[in-house]
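Please treat every number below as a calculation from the coordinates, not as lab data. The shown structure was predicted, so the numbers you read here are calculated from the model rather than taken from an experiment. Here Cβ is always computed from backbone atoms with ideal geometry, including for glycine, and neighbour counts include all displayed protein chains.
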Amino acid sequence: MKYLSKFSTVLGIGIALFSFGCEQNQKAEAQNFTTPNSANKKNISTATADVKLDKIKLPENFKIEVWAADIPNAREMTITEEGVVFVGSRQEGNVYAVIDEDGDGKADTKFILAEDLQMPNGVAYKDGDLYVAEVSRIIRFKDILTNLNAPKFEVVYDKYPTETHHGWKFIAFGPDGMLYVPVGAPCNICESEEEIFASITRLDVTSPNPTPEIVAHGVRNSVGFDWDPKTGDMWFTDNGRDMLGDDVPNCELNHISESGQHFGYPYWHEGAVKDPEFGDKGGPASDYVAPAAKMGAHVAPLGMRFYEGSMFPAEYKNRAIIAKHGSWNRSKKSGYVLTSIDVDGSTASGEKDFATGWLDEEAQEAWGRPVDIQEMKDGSLLISDDMAGVIYRVTYSAN
């Protein structure tokens, strides 16, 4: 469960999304969720993927498999109690529903719920409805599980900025029931006149006329966040600016302790690096919230989730697991890994690799790029990969 905290008075109390079992076996719990045939349904039980799982290194007794193949440009995921996994994309423009109908630990079915959307990276599920974030709007598929074969959406809000630079969005419902929506900076580095840029907002999707409320400023490009199950506080990843060299600045893991805090962009990076173009326009570094942890330069940390299950060893309980998508223009590539980090109150420490091997260090070529993490009901982890177009499943067994 997620509990009441100081931040909860502003952003609401935390909730647990699932009740996790103690199973240690390699199979997912039977889903008991079958779907009728339809034009937008495809059998993917025999789909294959060009992946190199033998290259992936995990801690002892962990195992990685392809849970679903043929999921082009798989990005953010959200999951229902029934085990239905909704997946957004960025370049593909599609939204998928992916289902393990026979409960054997691998997906059998893919529904295409929408096509030709504008960077529908973000997906979130609440009270039977699926929410999808495009660049400038939030759309909703009502009662989606009974409408997989004939999905229709309505527009919840369509006045987010239209700029596509950092315009794709990661979304999630907070413990206060609000939908959290980041708005990235419309540039590598700039000072925008519009306050909504470089922020994290929240939206009351139950309102007939929702209006975004800014809860964090100075956030260059967050594509992942979650709430600490122990305190209810919000934590988010943030991608640092480019063109200051291979090793500066670090990408960040940040902690919000109260609404309205400013995290430094575009004036300061990683807490103590003054921007050469805009640093003099801001205040001293002490005016801004420094990161709780530095993630490495240009590693592009995206999805992050706190592990709340019981399948993994006890040391993973409540640790944050973070997908580092990987650098795009560093002279020597960095990232392309999953790491875990311990969070205690407002501090984060002890980051260590959890899964590596998507990057061939010697050849400097990547065959996959992890994007997001979701926890299944049995405590196993799903990992999306937009480069390989797959979703992996990581399990643990001490036997």
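Descriptive notes on the structure:
- Only aspartates and glutamates eight or more places from residue 142 in sequence, or on another chain, were considered; those with a Cα closer than 18 Å are 81, 82, 115, 127, 129, 134, 154, 158, 204.
- Calculated on C-alpha atoms, the gyration radius of the stretch 270-359 divided by its Kirkwood radius gives an Rg/Rh of 1.05.
- Calculated [θ] (222 nm, deg cm²/dmol) that DSSP helices of n ≥ 4 give over the chain, each run adding -39,500 (n - 2.57): 0 deg cm²/dmol
- Viscosity 0.890 mPa s, 25 °C: Kirkwood-radius Stokes-Einstein D of the stretch 221-263 over Cα pairs, µm²/s: 210 µm²/s
- Alpha-carbon Debye profile of the stretch 79-161, log10 I(q)/I(0) at 0.22, 0.26 Å⁻¹: -1.02, -1.35
- Taking trypsin sites (Lys or Arg not before Pro) in DSSP loop states with no more than 15 other Cβ atoms inside 10 Å as exposed sites, the chain has its longest site-free stretch at 160-316.
- Convex hull volume per residue in cubic angstrom - Cα atoms of the chain: 128 Å³
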